[in-house]
Each structure stands twice: as structure tokens, then as C-alpha cells.
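Below: the structure, in C-alpha cells.
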Amino acid sequence: MKSKKENPYKEVLTQLIIDVFEKSGNPLLNYKQVASKLNVTDTDSKVAIADILSDTSKSSPFAQPERGKFKLRQLQVYIIGKVDMTADGSAYIVPQDEFENDIFVAPRKVRQALHGDIVKVHVYERKKGRKREGEVVEILQRAKTDFTGTIDISQSYAFFLPDDRKMLHDIFIPLDNLNGAKDGEKVLVTIIEWPKNAKNPIGKVKTVLGVKGENNTEMNAILADYGFPLKFPKEVDEAANAIPEEISKEEIAKRRDFRDTPTFTIDPADAKDFDDAISFKTLENGNYEIGVHIADVSYYVTPESILDKEAFERATSVYLVDRVIPMLPERLSNNLCSLRPNEDKLCFSAVFEMDEKANIIDQWFGRTLIHSDRRFSYEEAQEIIENKTGDYATEILKLNELAYILRDRKFKNGAISFESEEVKFHLDENGKPLGVYTKVRKDAHKLIEDFMLLANRKVAEYIGKQGKGKNKLGFVYRFHDTPNPETLTSFSQFASRFGHRLTIKSDKETAKSLNALMTKIEGSKEQNLLTSLAVRSMAKAIYTTKQSSHYGLAFDYYTHFTSPIRRYPDVMVHRLLQFYLDGGTKVNVEHYEKMAEHSSQMEKKAAEAERASIKYKQAEFLQDQVGVEYTGIVSGVTEWGMYVEIQENKCEGMVRLRDITDDFYTLDEKNFAIIGQRRKKVYQLGDTVQIKVKKVDLEKRQIDFTLIS
């Protein structure tokens, strides 16, 4: 049997196969049908035809829309794709059709398209051996029209200089569109028009953010940059303030009453929105009744109301270094819905009867009324766990025992434990960072987490296991895919440099092996680096209506039920669960899938905004330490430099290749290293290096280091 490479007639045969499809109107054909149309009967030729058809490379002229059935790829003159701008003003268009290669667009042919826009491109015929080129003919959807940056005012007009490095056009601002902005201030600008032959778009100042470099200005700029509103519209606040505080007798009568059961909350010391409470009592049969009580946001926020529309748009609360931008107005998030101590509160609960070994004997889901007896901070609860005495010590110690069993079971089933050090800043009253510390997660954190995971998993199972095929109940799940094998292999090779072996033959073995690694590196200098690389080699978790498992937690069914004050998907889950408890059967799954997609996108933006705020604080912290020497770890390598994370304060900056003058260095991507061409000196991910703070650019949130050789 001849392989593809040995077949000398490949080009001729390919052309003959193309002719077959073209002459018959490009129908779906399998390789046998193609062979018969070519009057081919010998086995070798049939194998050659099958090989040519099933070639999956991008240069192949054939597509396989159905298994074993092929057709000609349409040679498209127009392609729709997303703009990826480069620093020189040219762009690559990433086509929506995954079978298509990227299309290069020269600067003058980008027209008025901006980074991230969805555009229609006219594609030129390819000259032999050259990449495909094209020009933008229509902008179908703008990625964004609002930008943050600095205003530069002259006598008769003003220009706006954007912060976004991928936004290569300054925006022209007529003087009557300044909205009170002063020269040099940081502002949020929106593009209002872009005349056909004009070089620059025309905009107006939407919000004056304030004086550059001031904490408040910069934090608001980060929020505006990622598309999060800086305040609630007046009518949304009014709607929240109009909700009565009193809980009616009729409402109380509809609910299961937990007010006499010992109940408490455990949260960070500075928290104001308490999403969850736990109740505990010992039953006559010796088992325990544990209630996971979650704020009943869906009682106050009804579908299609103004509050609901605003919450959906935001989709999540955003946690910056020094502030929380809540998904719901304060009246709801910190008052009506927050499970504050010594107040009656409406909840949606998952109640479990458990035995000594944390087996679930019985479960109940529904709406409740609770009265939290005590508010604990994590530190206070931890003290009770360690000293075995204090308020509700009996309850907390028993919950902690059960949580240990749940956790152990979860890891035995293949869940992965990623414990990275969380960086926090000590800030003064103006938000200036005075110091950096790392937050350690102890038993009190894990106790709450394990009972929340239990509620999330059991709610998802309860719905997910009902109905089959077409009768499956539509629901919103939290899905986490298995890792990409290639990424895992390269992570495993990297970990081996530190003397850690990983087994990645199967998903179960990978999980077991990763857990062993995470335990082994706890407290080591490479902990942060290996943990963040391991997390990066995992898929990202998303919301979806397609019932799927959660790889990282090793749960077959998983959803988000426990944080409706700060996550919109949890509100959807509450509504759907109540709908099914009331006997409902059918929902519009497509509608929920779109909402789930939007929630996943906003969650990603919130995480990026949070990272940007940390980067800003790190830059601010090192601003007056130019010239100070530190020990760091190489945390990333690129063709223009290497990232180094300072060991003692976790601040990350870059050593640029042009600043390493003892040799000419190039990137060795495969080995996560940069290598000197003459002396072959190697700087590799994970290496310890001595650095000096060279320069800090607060506006760009960039820190530059130089190496001390």
C-alpha cells in the first residue's frame, strides 16, 4: 500500500478529483463514489484517493462536513473575520470559518477597521507561495467605540490620545464635545462618527475620569477600558430603593422556616455582601441536617425588570485591588439580599441530611426564611477550629470534620488542587500601596468552599439526571473541559526541569499526578510559577446549557448556585430550579445558551480588569524603588525579553533583550528559554536571577528591570 508521500501522481490525481466535484455541482461524496466517477477500481488508487480527500491541512482543497463524506472547499472571494491589529498598522483577519487561513491586510487597506472588529474582507487571488492578502470592505460589528486616554486641548480643537496600544488612531474632539474636560486629564471618549475620507474618527468626551496617576482615576479607567459602567443609572437605583424591606406574612407562609435553627455566615473580614449562610442541627437519628442557604436574589430581581436587565448586562461583580463594582445596586447587594446577622432573610436553600461519614441520606431544595445568629470572619472561624472553643464551636468543628471527608473524596475521584499564593496589598487611605502580602487559605476557607461545592454539584445532578434525550431539562451548567494533550506534555517537560515527574497517560492519572505535584511544591520558590503554568495548561471553565462534566473538580454535574449577589448565572440557576420544582418542563434552551455565553465573556473581562488593577498597584509599589536590587524568578519568555517575578513581593516586570548586553540573545520557544548566540548562556523559565528596578511606567502599567550579572 502506497503512502501519500510515495504517490507521484498526487497533484494530477488531486486535480482530477477537483474536476469530479466541480462537474457534478459539488455534492457530498465518499471516496468510493469519487473512485467510481473516475472509473478507478484498483485498491492502491482508491487508497490514494482516500488519502488526498482526508488530508486535514489548511492547504487541502477538500472539506469533510460529515464523517467520511467530502466536498470542495468554497474558494471565497469575501470572508468574514475578526481584526487583529499589529503595531505597524497592518492587520491579520482571523476568519470565522476555522478551515480558513488568516488574511493579511496592508495598513492603507485596513480602512477604518479597529482591533477586534468583525469585518468583511475582499480576498485577492494568492500569488504562488505568498500568504493571502485582502482589503476590508465593510465593518459589520465594532468591538468597542469607547476608549480611555488623555485629552490634549489646543486653541481651536482637541485630540484624544488612547491608552489602548492596539488603538492606533488619535480621536479628534471638537471643543463643544469636551464635556468639561481640561487639558491633560484622563477621560473616557466615545467615537460618534468617522467621515469617509477622514484620517481620524470624531468623538466626544463621555466621562471625565480625573487627574492622571491618581488612584481613583486609574481604577475607573481600568473599569471603563473593559466596558464596565462606573455607576448605576438613576432609574436602576430608584427601582432598587423602591423595594420594601418588610417581608410579608404571605411570603413567609410559602417558605420553609429555619429561623430557629443555629445559622451563621463565614466571610472575609471586609465583606459587605453575604451570599451564603450555613445552618446545622443534630437529628434524633444521630445524623446531621446541614442547610446551605443562599440569598434569594431572584425573589427581588424579576425577569425583564430594569434591575434584571442591568444585572444581566454586567453579568458579574468586579473585584479590583481596592474596590468592588457590584452587579446589583448597594440596596440589594449589601442590604436586602445580604445575609446579615440578626435579621430575617429570604433564601434559596439546599438542605442535606448527612451521616457521620458525610454520606448524603436525604436532600431538599427550595425557598426558605433564615435568621443568621452570628457573622464570623474567616480568621475568627479559623481560631475556633484551631482552639476548639468559642461561639458555635460544636457546629463549626463538626462541619469542618465533614468538610475534610468531602474534600478527601473529591481528590480521590480525581479533582485537582491548585493552591497559588494570592497577592494582596496594604493600602493607605488614598489607595497607595504600602506593602504586599500573600493570602493563605486555611481550613475555615475550605470548609465553606466544600459545602458550596456540594450544593452546586447536587443542584446540577438533581436537574441533570431528569429526563433523557429530547426530554432533558434545559439548565445552565459550569463546564470545564479536559486539558489539551500538547499543552500538558510541554508543561510536564517543564516541570521535569525542577525534578518533578508527571504521569499524563489518562485524565485520572494526570489529575492524581498534578495533585501530588501541587502538594510537593507548596512553599517552594517555584510554587507560584508551576501553579500558574499548570492553570494555564488547563482549559477555561465556561457557562453552558450543554450538560457536561467539570474536569478540574472531577464532578459529572456542576453548576453555580451559591453566589447570586455577584454572578448572574446563579440567578438563572435559581429561576430554572424553581421553575422545575413548580412542575415546569420546557424552557427556551437557545435563549439561555446566549445568556450563558454573555456571562462567560463578562467573567473573562472582569478577570482581566482585576489583573490590570493588580499590575497597576505593583507598578505603583515599585515606582519609588528605581535602582533597588531584588532576587526574582524568570516567569515568562518572549522574543523581546523575559518576565521576572520578584520573590519577596510577587511584582512582575520585564528584562528587555536589548538591555542584556553581554551577548546577542534569541528566544528558544520549545524550551521556554532565551539563549546567547556566542557564549550559549541560557536563561530559562524558573531560573533565579538578580535584578534591579530600571523604570516604571504607571500609565502603561509596565515595570522594566535590568539584570545584575
Extended-chain gain in nm, criterion 0.36 nm per residue less alpha-carbon gap, Lys10 and Arg259
81.8 nm
Flagged links, alpha-carbon separation over 32 Å, of Lys199/Lys309; Lys206/Lys594; Lys254/Lys465; Lys131/Lys615:
Lys199/Lys309; Lys131/Lys615
Normalised contact order of the range 469-583, rounded percent, pairs of Cα under 8 Å and 6 or more residues apart:
40
Roughly what would the spin-label model give for Ile247 and Thr487, points 7 Å off Cα along C-beta, in nm?
4.3
Please compare each pair in Lys234/Lys650; Lys398/Lys458; Lys439/Lys605; Lys272/Lys604; Lys120/Lys166; Lys520/Lys605 to a cut-off of 31 Å on the Cα-Cα distance and tell me which ones are over it.
Lys234/Lys650; Lys520/Lys605
Counting only protein heavy atoms with a 1.4 Å probe and every protein chain in place, the carbon and sulfur fraction of the accessible surface of the range 8-72 in whole percent equals 49
Computed from the beta carbon distance with a Förster radius of 41 Å, FRET efficiency for Trp640 and Asp237 to the nearest 0.05 stands at 0.30
Are any of the pairs Lys472/Lys508; Lys470/Lys540; Lys442/Lys670 more than 30 Å apart by Cα-Cα distance, and if so, which?
Lys442/Lys670
Counting only protein heavy atoms and a 1.4 Å probe, tell me what percentage of the range 119-245's accessible area is made up of carbon and sulfur.
48
Return the distance in nm (one decimal) between the two label points of a simple spin-label model at Glu593 and Thr661, each offset 7 Å from Cα along Cα→Cβ.
6.0
Per residue, in Å², the accessible surface of the chain once ligands and nucleic acids are set aside, probe 1.4 Å:
51
Mind checking Rg over Rh on the range 8-72, alpha carbons, Kirkwood formula for Rh?
0.91
What is the extension gain from Lys166 to Lys520, computed as 0.36 nm multiplied by their sequence separation minus the C-alpha to C-alpha distance, in nm to one decimal?
123.3 nm
Given a Förster distance of 45 Å, the FRET efficiency implied by the Cβ-Cβ spacing of Glu98 and Ala393, rounded to the nearest 0.05, works out to 0.20
So if I take the centroid of the Cα atoms in the range 13-81 and the same for the range 581-601, what is the distance between those two points in Å?
40
Over the chain, one equal point on each Cα, no solvent: what is log10 I(q)/I(0) by the Debye formula at q = 0.08, 0.12 Å⁻¹?
-0.83, -1.56
Considering only protein heavy atoms and a 1.4 Å probe, what is the carbon-and-sulfur percentage of the accessible area of the range 528-643?
52
Taking 7 Å along the Cα-to-C-beta vector as the label spot, tell me the Asp697-Ser36 distance in nanometres, rounded to one decimal.
6.6
Taking Cα centroids, how far is the range 129-172 from the range 255-290 in Å?
53
Once whole DSSP H runs in the chain are found, which of them have Cα atoms spread over 18 Å or more along the helix axis and a mean Kyte-Doolittle score of at least -0.5?
10-23, 393-412, 443-464, 507-521, 568-581
Give me the lysines in straight-line cross-link reach of Lys37: C-alpha distance below 20 Å, same-chain residues under 8 apart excluded.
Lys10, Lys23, Lys46, Lys69, Lys71
Using DSSP to define loop residues, name the GluC sites (Glu not before Pro) in the range 364-467 whose beta-carbon has at most 15 other beta-carbon atoms within 10 Å.
Glu419, Glu429
Looking at the calculated P(r) for the range 78-141, what percent of the C-alpha pair distances fall above 14 Å?
47
FRET efficiency for Val77 and Glu356, using Cβ-Cβ distance with R0 set to 51 Å, rounded to 0.05:
0.10
For the peptides 432-438, 142-148, 325-331, what is the packing order when you average, over each peptide's residues, the other Cβ atoms within 10 Å and list the highest mean first?
325-331, 142-148, 432-438
Using a cut-off of under 16 Å, list every residue of the range 73-113 whose amide N is near the label point 7 Å from the Cα of Lys546 along the Cα-to-beta-carbon line.
98
Value of [θ]222 nm, deg cm²/dmol, for the chain, DSSP H segments ≥ 4, -39500 (n - 2.57) each, nearest 500
-9000 deg cm²/dmol
Note to self: C-alpha centroids of the range 489-518 and the range 334-398 sit apart, in Å, by 37
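The values are calculated or read from the model by the stated rules, or taken from the named source; none is laboratory data. Since this is a predicted model, take the numbers as computed values, not measurements. Cβ: placed from backbone, ideal geometry, glycine included. Neighbour counts: every protein chain shown. The area values use the complete protein model at the heavy-atom level, side chains included, leaving out ligands, DNA and RNA. Shrake-Rupley method; radii C 1.70, N 1.55, O 1.52, S 1.80 Å.
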